[in-house]
Structure formats: C-alpha cells, structure tokens
1. Going by a ≥ b ≥ c, the root eigenvalues of the Cα gyration tensor, does the stretch 39-179 fall in the rounded group (a/c under 1.5), the prolate group (a/b larger than b/c) or the oblate group?
2. Per residue, what accessible area does the stretch 101-169 have, given a 1.4 Å probe and all protein chains present, in Å²?
3. Using +1 at the Cβ of each Lys and Arg and -1 at the Cβ of each Asp and Glu in the chain, identify which of Gly61, Cys168, Gly50 lies farthest towards the dipole's positive end.
4. Of His68, His157, which has the most accessible area with a 1.4 Å probe, and how do the rest follow in descending order?
5. So, in nm, how far is label Ala75 from label His56 when the simple model puts each one 7 Å beyond its Cα toward the Cβ?
6. Keeping every protein chain in place, order Phe26, Phe134 by accessible area at 1.4 Å, biggest value first, i.e. largest first.
7. To the nearest 500 deg cm²/dmol, what mean residue ellipticity at 222 nm is calculated for the chain from DSSP H runs of n ≥ 4 alone, each contributing -39,500 (n - 2.57), summed and divided by the residues?
8. Over the heavy atoms of Glu39, what accessible area does a 1.4 Å probe trace out, to the nearest 10 Å²?
Amino acid sequence: MLECQAMTTILLRDLAPGDTAALLDFENRNRGWFESTIEPRSPGFYSAAGVAHHIHEYLLGQQAGLQHPCLIVDADDVILGRANLKDIDRQAGQAEVGYRIGKDAVGRGCASAAVAHLVTLARARWGLRVLVAFVADGNPASARVLEKNGFRRAERHACLAVIRGEPCGGYAWRLDLAT
C-alpha cells in the first residue's frame, strides 16, 4: 500500500484478465483527458473485446518478460491510473516507464508513488540498470513526476506523438539505477 497526498490509500497491483470491465470504464471516463496530452488509442480499443484483447496482449508480454503492467487502484479497487514497465530488455538492463493517471486522481501524488513503485520493480524484480520515459511538450506535470523520482532530462525528440493530428515533440528522461 502507498499513500498519495490527500491521504488517499492506493495499491499498485498487476493487471489481470478480470480487469476488463473496470479498465474499459476507466479508459472511457478519461479518454478526452488522455487524448489532450498523449497519442490516442485506436477506436477499436474502446470496447469490451478491445480491452480484453489489450489485457491479453499485455499479459502475454509479461509472461515473455517484455513488460510489467500494473493498475493503480484505491482501497475499493477502483482504477485511478496505470503504470507499466515496457520494452524490458534484460540483456541491456533497460526498460521504458509509462503511466497515465485519471483526471480525478491528478495532483494527489499518485503518479509519483506509481513511478517509485516501478523503479522498485525494475531493480528488485527485473534487475534493470536503466529506465527511460518520454514526456511530450506541454506536459510539465509528467516531467515533475519523473524528476521527483530521480530521472534526468536527456535527448530531445522532434516527434514523440501525434496529438490532435499534429506532431508533438518532447524529451526522453533517464534514470540510472546503478548509482
């Protein structure tokens, strides 16, 4: 269990096959919010079959050692956000950190707690040495979350995503876990 600001108790737990309905609800409620700062998902994702397929693919990736998908939930198991290690490369000792926090949970420290959890997972469970994350321009809150967790801004990318039909640049962020 982790504590967010405003004394919200949260738990980070692995994504499971039974999360389809709750995850679809979470993604639908926050779709516009997410699409204002990150590349949109395909329209086919927003159905029970689409989310079930998404979960299945993520769990296959976890079994293969390529990703570690987590949900951020409150004490009643309501989804507040997601946090994932993805593109895990054990030989290179590296993975990418990704997270999305629902609009109602923003500003309560849940993202910072989730990234801290991913850092711990990367070290303890996966034995990784480097984490990277990408933050699009116009998303300073995500940059602050990474900074709080020891990440440092690295190289500039001209196009990280396409948001509302426009290419959006940003920065890679890096955390060296060996230090």
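The values are calculated or read from the model by the stated rules, or taken from the named source; none is laboratory data. As the structure is a prediction and not an experimental result, all values here were calculated from the model. Positions of Cβ are backbone-derived with ideal geometry, glycine not excepted, and every protein chain shown enters the neighbour counts. What goes into the accessible areas is simple: the full protein's heavy atoms, side chains included, and nothing from ligands, DNA or RNA. Shrake-Rupley method; radii C 1.70, N 1.55, O 1.52, S 1.80 Å.
1. On the way: a/c = 1.27, a/b = 1.09, b/c = 1.17.
Note, shape of the stretch 39-179 comes out rounded.
2. Values: 3610 Å² over 69 residues.
Per-residue value: 52 Å².
3. Cys168
4. Result, largest first: His157, His68.
5. So the two model labels end up 3.7 nm from each other.
6. Numbers: Phe26 0, Phe134 85 Å².
Descending order: Phe134, Phe26.
7. Working: 4 runs with 56 residues, N = 179.
Using -39500 (n - 2.57) per qualifying helix, the result is -10000 deg cm²/dmol.
8. Around 90 Å² of this residue is reachable by solvent.
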